[in-house]
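Asker: Before we start, here is the structure in question, set down as structure tokens.
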Amino acid sequence: MTMAVATFCIAALTLAAAFHFYWGLGGRIGSGVSLPHHEDGTAVVVKNSAAGAIIVGLALVAAVLLVLALVDAFPVPVLSSWLRIGVGLWAIIFIARALSWSRYVGMFKRVRHTRFARYDTWLYSPLCLLLGMGLFYLVGASG
């Protein structure tokens, strides 16, 4: 079970990182639903930048490496307790993202009728919640 959860988490994080690198390098597929928009759907809430997308991609790669190290698929000279703390922090980040009370993102968002909001409701937030729960599971299974 642990390897199945780890495989899911690694695959989801890798796919998300790949999309962020793609957008950071100028790709346009999916970019219309990658950032929240105001209620009228015309302007994005967060400024889109190539550097920002690449930074998010690098952070997601770091999360992948932490999970790989936690399940002993990528040996690192770091105490397992530190790996558990790192993966646990990522779990908190993803669950906080999923359950956010923000106006534009999360399961409790108030703006619900934009294209991004529909994707967030049916894909992004549930995926973040599953990732967070999966990462918490891996922390518990490794301890």
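Bear in mind that the values in this text are calculations on the coordinates, not laboratory data. All values derive from a computational prediction rather than experimental measurement. Methodologically, a virtual Cβ is constructed for each residue, glycine included, from the backbone with ideal geometry; neighbour enumeration extends over all protein chains shown.
Asker: Working from Cα positions, state the angle (0 to 90°, nearest 10) between the long axis of helix 2-24 and the longest principal axis of the chain.
Answerer: Orientation of helix 2-24: about 40 degrees from the principal axis.
Asker: Net charge near C128, counting Lys/Arg +1 and Asp/Glu -1 over other residues with Cβ under 14 Å of its Cβ?
Answerer: Once all neighbours under 14 Å are counted, the net charge is +1.
Asker: Along the charge dipole of the chain, which of I29, V56, W101 sits closest to the positive end, that is, farthest toward it, with unit charges on the beta carbon of Lys, Arg, Asp and Glu (+1, +1, -1, -1)?
Answerer: Comparing the listed Cα positions along the dipole, W101 ranks first.
Asker: Using only Cα atoms and rounding to the nearest 10 degrees, what angle (0 to 90) does helix 50-70 make with the longest principal axis of the chain?
Answerer: 30 degrees
Asker: Any idea what the dipole of the chain comes to, in debye rounded to 20, about its Cα centre with Lys/Arg Cβ at +1 and Asp/Glu Cβ at -1?
Answerer: It works out to roughly 380 debye.
Asker: Then there is this: Assigning unit charges at the beta carbon (Lys, Arg +1; Asp, Glu -1) and nothing else, what dipole magnitude in debye, to the nearest 20, does region 73-126 show about its Cα centre?
Answerer: My answer is approximately 360 debye.
Asker: In whole Å, how far is the Cα centre of region 94-132 from that of region 45-90?
Answerer: Measuring centre to centre over Cα atoms gives 21 Å.
Asker: Please list, in chain and number order, the residues 5+ apart from L99 or on another chain whose amide H is under 5 Å from its amide H, with Hs placed from the backbone.
Answerer: So L99 has HN proximity to M107.
Asker: As a check on your grasp of the helix formula, calculate [θ] at 222 nm for the chain: sum -39500 (n - 2.57) over DSSP H runs of n ≥ 4, divide by the residue count, round to the nearest 500.
Answerer: -20000 deg cm²/dmol, from helical runs alone.
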